Amino acid sequence: MRYDVVAIVASRRGMSQLRELVSNLPPHFGMPVVCLTEADPLLVTELAASTPLQVKWAESGEVLRPGCVYFSPPGTSIVIYDGARVALSPVGPESTSQHPVDNFLSSTARVYGKRSLAVVLSAFPDDGAEGAHSVKWRGGTVLVLDRATAQYYGMADAIIHRGSYDRILTAEEVANALRASFTGRDLLENAELHFELGLLLDQALRVSGTHMGNVQMVEPERRRLHIVAHRGLDRRFLERFSVVKEDEPSACARALRFGSRVVIENVFEDPEYALYADLARRTGYSAVQSTPIRDAGSVAGVISTLYAYPHVVTTYEAKNLDEIAEAARALVAPAP
């Protein structure tokens, strides 16, 4: 399912999970992210440095824009009204604004309906259950932080006890599922997709004797590759290759274009790869192979492994990579 907004609720106890979620969103993220939090200027500054998305304080009257992360200014609550505009109201002992989480989630549901996604990383006492119910009642999706990874689990118990949620996930699972929103699949299906592809990627890394690699899926309409699972790659690499066009000189783009495995045994000796030479040095790889995941005669995705030193793909490695790509075919094939 394609969402039009991501509404995040996080008290001060959920800040580490909020950092993890936001910093893992891709640079081409096509939705506004609106955060009702107990944030401070330092948090906003840190997040702005950890993500390619724009991070800012919400301003009363502004229209929410895709690819921007909004935070409620200290001491205020956010309400969204018609036209995706923001209203701010004070929160505190003297405030007339009661139950800010309920108001925030309910207003999101009224404006966006079934195309709203609410993520509860940590809630506020006696607040949030009605708002989560409103999102569910209007057809939206409510995700709650996983018990095993929450530092202070129990703040969302009221939402869980009422049954006003769809799934309990980790912050990383939420972020990676959102990375795959281009697939048109339901977000929960994308979470399962990321998990299964991650297992196959782990197999490919063991076969190739490396710790760096990724799996990309094709966006059919625009013939672009999107990273949906990765291991051992830093933020700079992920930002550069988060979305790759078919006509680019990278190994994965060539695999998409030609429909066959591309092996660059030494990236610093390949003239076409010169565009990425500095990135390769900073990331720490000298060779790369990209194996297409084929479906019904076309390429539905690519599995790539990167190597610290110049590397020749052996017959054994190639055979195993082909088998892994075949196993991935059923997962990445376009949804009916």
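The values are calculated or read from the model by the stated rules, or taken from the named source; none is laboratory data. All values reported here derive from a predicted model rather than from experimental measurement. All Cβ positions, glycine included, derive from the backbone under ideal geometry; neighbour counts span all protein chains shown.
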Residue identified as out of contact with any strand residue (DSSP E or B) (no Cβ under 6 Å at 6 or more places or on another chain), within 24 Å of GLU62 (Cβ to Cβ) and either among the small types (Gly, Ala, Ser) or modelled with pLDDT of 80 or more (or both) among ARG115, ARG85: ARG115
Among residues of region 235-284 being farther than 26 Å from GLU326 by Cα and of a type in the set (Ser, Thr, Tyr), the residue surrounded by the most Cβ atoms within 10 Å (Cβ to Cβ) is TYR276
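Quick one: count up the residues across region 269-328 that are among the aromatic types (Phe, Trp, Tyr), assigned to a helix (DSSP H, G or I) and under 17 Å from ARG236 (Cα atoms).
Going through region 269-328, the residues among the aromatic types (Phe, Trp, Tyr) turn out to be 273, 276, 285, 307, 309, 316.
Cutting the leftovers down to assigned to a helix (DSSP H, G or I) gives us 273, 276, 316.
From what is left, the residues that are under 17 Å from ARG236 (Cα atoms) are 273, 276.
Residues that pass the stated criteria total 2.
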Out of all the residues in region 1-41, which are over 22 Å from ASP234 (Cα atoms) and aliphatic (A, V, I, L, M)? MET1, VAL5, VAL6, ALA7, ILE8, VAL9, ALA10, MET31, VAL33, VAL34, LEU36, ALA39
Looking for something loosely packed, with under 13 Cβ neighbours inside 10 Å and not polar (S, T, N, Q) - is there at least one such residue anywhere in region 300-307? no
Quick check: is even one residue across region 307-316 within 27 Å of the chain's Cα centre (by Cα) and of a type outside the set (Lys, Arg)? yes
The lone exception for PRO41 - which of (1) touching a helix residue (DSSP H, G or I) at 6+ places or on another chain (Cβ under 7 Å); (2) at pLDDT 80 or above it fails: (1)
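Could you please find all residues in region 139-190 being assigned to a helix (DSSP H, G or I), modelled with pLDDT of 75 or more and within 18 Å of ALA7 (Cα to Cα)?
Step one: of region 139-190, the residues assigned to a helix (DSSP H, G or I) are 157-162, 171-179, 181-183, 187-190.
From the residues that got through so far, the ones that are modelled with pLDDT of 75 or more too are 172-179, 181-183, 187-190.
Across region 139-190, the qualifying residues are GLU172, GLU173, VAL174, ALA175, ASN176, ALA177, LEU178, ARG179, SER181, LEU187, LEU188.
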State all residues of region 17-38 that are among the hydroxyl-bearing types (Ser, Thr, Tyr) and either over 14 Å from VAL174 (Cα atoms) or in a strand (DSSP E or B) (or both); if no residue qualifies, say none. THR37
